[in-house]
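To start, the structure itself, in structure tokens.
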Amino acid sequence: MQLPPHTPIENPDRVINFMVRTVWGLTDPVRFYQLMDEARALCSPATYLGDNMFLWGRSNSPFEDPRFVAAWESNVQNDADRAIAWRRYILACAAYHCAQLEGDFVECGVYRGTSIKTIVDYFGKENFDKTFWGYDTYDYNPVEHHAFAGQQDGLFNEILQRFDGYDCVRLVKGLLPQSLENNSPEKIALLHIDLNSAEFEIAVLDALFDRVVPGGMIVLDDYEWGGQYREQKMAEDAWFDQRKYRVFPLPTGQGLVLKR
Ligand SMILES: C[S@@+](CC[C@H](N)C(=O)[O-])C[C@H]1O[C@@H](n2cnc3c(N)ncnc32)[C@H](O)[C@@H]1O
């Protein structure tokens with residue numbers, strides 16, 4: 001597959017700060033952002049504030065990769081999509097690695113398809129020569145109290161239209177893990193799991209982990225988040241421990257597993 005080219009940094013002194021006023025779990029957002037505005041003024045650049053991360057003194061690599069910036073920005077559909085730029089860049093970098101391996105890409109938990117489309121656009125749909133499988137119930141959310149905006153009759157058709165012209169993307173509508181039966185790849189290079197449910201994520205790992213090729217990657221979107229998501233981490237740590245794997249906990253809230 002033709003890989004997205006590296007763009008050398010022309011001006012090492014150029015600073016790209018990033019700030020989105022979308023974070024979760026705040027008791028007093030107004031006060032929080034007053035304090036963060038003050039804190040950012042005290043920090044060395046570059047800064048990143050969004051998706052419950054506050055960073056300073058960083059390169060802010062996602063924004064120094066123009067191919068990524070174009071793919072990410074053109075697919076932003078809501079405030080959350082904008083805030084999670086760094087999470088998307090982790091996926092884009094994992095995709096860059098996995099594109100060079102045998103096997104397809106799989107996402108379990110697609111919603112509006114933004115992560116799949118961002119990755120494919122990063123490569124360019126004409127260059128993307130794997131199949132990217134996307135599994136979701138789409139029109140409803142089977143995880144209690146977790147329905148996202150627009151999850152109702154008609155969403156699947158809308159998402160199919162969003163991928164019009166993307167022959168490399170295969171969207172499968174149905175409840176996981178049953179929807180994988182006779183309708184999933186034998187070899188997987190990249191597996192992205194984003195179901196917001198310990199039970200369903202473990203069921204997907206049971207079904208797909210052995211199909212991930214050596215050197216392949218698994219990204220667990222919610223692994224390192226606190227609160228209600230802790231259940232997922234605890235179940236996944238126990239599951240991977242049995243197989244002698246450790247999940248890399250990323251400050252983005254994701255977890256990363258490198259398959260042997
Ligand atoms: C957080 S969203 C996915 C977001 C998407 N990965 C992105 O980055 O834009 C989670 C999705 O998982 C789906 N989901 C949860 N449990 C599922 C199951 N057992 N089978 C199919 N889809 C499921 C929900 O319908 C929802 O659309």
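The values are calculated or read from the model by the stated rules, or taken from the named source; none is laboratory data. Computed from a predicted structure; not experimentally measured. Counting neighbours? That spans all protein chains shown, and the Cβs are built from the backbone with ideal geometry, glycine included.
Beta carbons closer than 9 Å, at least 6 apart along the sequence or on distinct chains, pair a first residue in the range 175-186 that is among the hydrophobic types (A, V, I, L, M, F, W, C) with a second that is in a loop (DSSP other than H, G, I, E, B) for L175/T137; L175/P142; L176/G109; L176/T137; L176/P142; L176/L195; L180/G174. For the range 26-54, what are the residues that are β-branched (V, I, T) and loosely packed, with under 15 Cβ neighbours inside 10 Å? Selection gives T27, V30. Restricting attention to the range 167-178, the residues that are in contact with a strand residue (DSSP E or B) (Cβ under 7 Å, 6 or more places away or on another chain), in a loop (DSSP other than H, G, I, E, B) and within 18 Å of G124 (Cα to Cα) add up to 1. If the condition is being more than 18 Å from R82 (Cβ to Cβ) and either part of a strand (DSSP E or B) or among the hydroxyl-bearing types (S, T, Y) (or both), then the range 105-128 contributes F105, V106, E107, C108.
Where in the range 36-100 are the helices (runs of 4 or more DSSP H), entirely inside, with at least 2 residues that are basic (K, R)?
Values: elements: 66-75, 79-83, 85-98.
Correct list: 85-98.
For the range 34-54, enumerate the residues that are among the hydroxyl-bearing types (S, T, Y) and under 26 Å from the mean Cα position of the chain (by Cα). Across the range 34-54, the qualifying residues are T47, Y48.
Considering the conditions (1) touching a Cys at 6+ places or on another chain (Cβ under 9 Å); (2) away from the ligand (no atom under 13 Å from the Cβ); (3) within 19 Å of F128 (Cα to Cα), L191 is excluded by exactly one of them, (2). If you go through the range 55-85 and pick out every residue that is under 18 Å from L26 (Cα atoms), loosely packed, with under 15 Cβ neighbours inside 10 Å and modelled with pLDDT of 95 or more, you end up with 0.
If you go through the range 1-25 and pick out every residue that is part of a loop (DSSP other than H, G, I, E, B) and under 23 Å from the mean Cα position of the chain (by Cα), you end up with 15. Do the conditions hold for E201, that is, is it surrounded by 13 or more Cβ atoms within 10 Å (Cβ to Cβ) and within 13 Å of the ligand (Cβ to nearest atom)? Considered against the rule, which asks whether it is surrounded by 13 or more Cβ atoms within 10 Å (Cβ to Cβ) and within 13 Å of the ligand (Cβ to nearest atom), E201 comes out as yes. Entry remark, the range 141-158: residues being more than 18 Å from A80 (Cβ to Cβ), touching a residue at least 12 places away in the same chain (Cβ under 8 Å) and exposed (fewer than 13 other Cβ atoms within 10 Å of the Cβ) number 3 in total.
Answer yes or no as to whether N196 is in the same structural domain as A99 (by TED's automatic domain parsing), modelled with pLDDT of 95 or more and either of a type in the set (V, I, T) or more than 23 Å from Y223 (Cα to Cα) (or both). No: the conditions fail for N196.
Each row is one residue, and each column tells you yes or no for (1) part of a loop (DSSP other than H, G, I, E, B); (2) within 15 Å of the ligand (Cβ to nearest atom); (3) in contact with a Ser or Thr (Cβ under 9 Å, 6 or more places away or on another chain).
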site: K130; (1), (2), (3): yes, no, no
site: W133; (1), (2), (3): no, yes, yes
site: P142; (1), (2), (3): yes, yes, yes
site: H146; (1), (2), (3): yes, yes, yes
site: A149; (1), (2), (3): yes, yes, no
site: E158; (1), (2), (3): no, yes, no
site: G165; (1), (2), (3): yes, no, no
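What do you reckon, is H97 surrounded by fewer than 17 Cβ atoms within 10 Å (Cβ to Cβ) and modelled with pLDDT of 95 or more?
So H97 passes the test.
Selection over the range 221-232 of residues that are without any contact (Cβ under 8 Å) to a residue 40 or more places away in the chain, out of contact with any Asp or Glu (no Cβ under 7 Å at 6 or more places or on another chain) and in a helix (DSSP H, G or I) gives a count of 3. When Q161 is tested against the conditions (1) modelled with pLDDT of 95 or more; (2) surrounded by 14 or more Cβ atoms within 10 Å (Cβ to Cβ); (3) out of contact with any helix residue (DSSP H, G or I) (no Cβ under 7 Å at 6 or more places or on another chain), the lone failure is (2).
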